[in-house]
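One structure is given below, represented as structure tokens, and several questions about it will come after.
The values are calculated or read from the model by the stated rules, or taken from the named source; none is laboratory data. Quick caveat, the model's predicted, so the values are computed rather than measured. Cβ atoms come from the backbone with ideal geometry, glycine included; neighbour counts cover every protein chain shown.
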Amino acid sequence: MYELTIAGLFIVFFSISDNYVGEVIGCKTRKLFMNNMYFKHISLLFFIYFAVDLTNEENKHPLITIRNTFILWSFYIIFIRMETVYLGICISLLVAYYILEKYKTYLLHHDKSEYDQKIDSLNQISDYIVIIFFIPLVIGFYKYYKEERKIYKDSFNLVKFILGHKKCK
């Protein structure tokens, strides 16, 4: 069910983490990306919108795609503002969920009646993964938030925490 959305999230995550386009754009634009966190997030929102739209097999209303874009962006913000161990756990759970959903889709396109019981079991496992996913997500985000408050003390700014800093302390 969520495999296309997760695929879109992975496209965003790996594209940004690889900094794929950084050196192929003009110097002024590169400086804008390097120095302006608002511009980075606006660009990220556009990127997510198009990734969601391109991975969407249905013809959904653009406002639904915009809503989904902001939901994914919010998850992305939480996702990248976690302690590393919790990030690893969450990525592992998302990959497991994605593979499980692909496997269910595979089974559904074959003799469905033969695999009904297996699909039911896989649905239960998928549900558990989704529930379990939120535990390290919340804990990891909260721990990172507490650590950032401790590091920045009186100069802590929630907007900068959410959007990111140009330089890490």
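Just give me the residues in the range 85-110 being over 15 Å from the mean Cα position of the chain (by Cα) and either in the same structural domain as Phe47 (by TED's automatic domain parsing) or among the aromatic types (Phe, Trp, Tyr) (or both), in sequence order.
Once the filter is applied, which keeps residues that are over 15 Å from the mean Cα position of the chain (by Cα) and either in the same structural domain as Phe47 (by TED's automatic domain parsing) or among the aromatic types (Phe, Trp, Tyr) (or both), the range 85-110 yields Tyr103, Tyr106.
How many of the residues making up the range 48-74 are more than 13 Å from the chain's Cα centre (by Cα) and either of a type outside the set (D, E, K, R) or over 25 Å from Leu137 (Cα atoms) (or both)?
Here the count works out to 15.
Out of Ile80, Ile132, Ile119, Ile91, report the one residue that is closer than 30 Å to Arg149 by Cα and in contact with a Leu (Cβ under 7 Å, 6 or more places away or on another chain).
Ile132
Residues of the range 70-108 being over 20 Å from Tyr128 (Cβ atoms) and among the charged types (D, E, K, R), which ones?
The answer is Arg81, Glu83.
For the subset of the range 2-43 comprising residues that are loosely packed, with under 11 Cβ neighbours inside 10 Å and over 23 Å from His165 (Cβ atoms), which member is modelled with the lowest pLDDT?
Only one residue tops the list, namely Val24.
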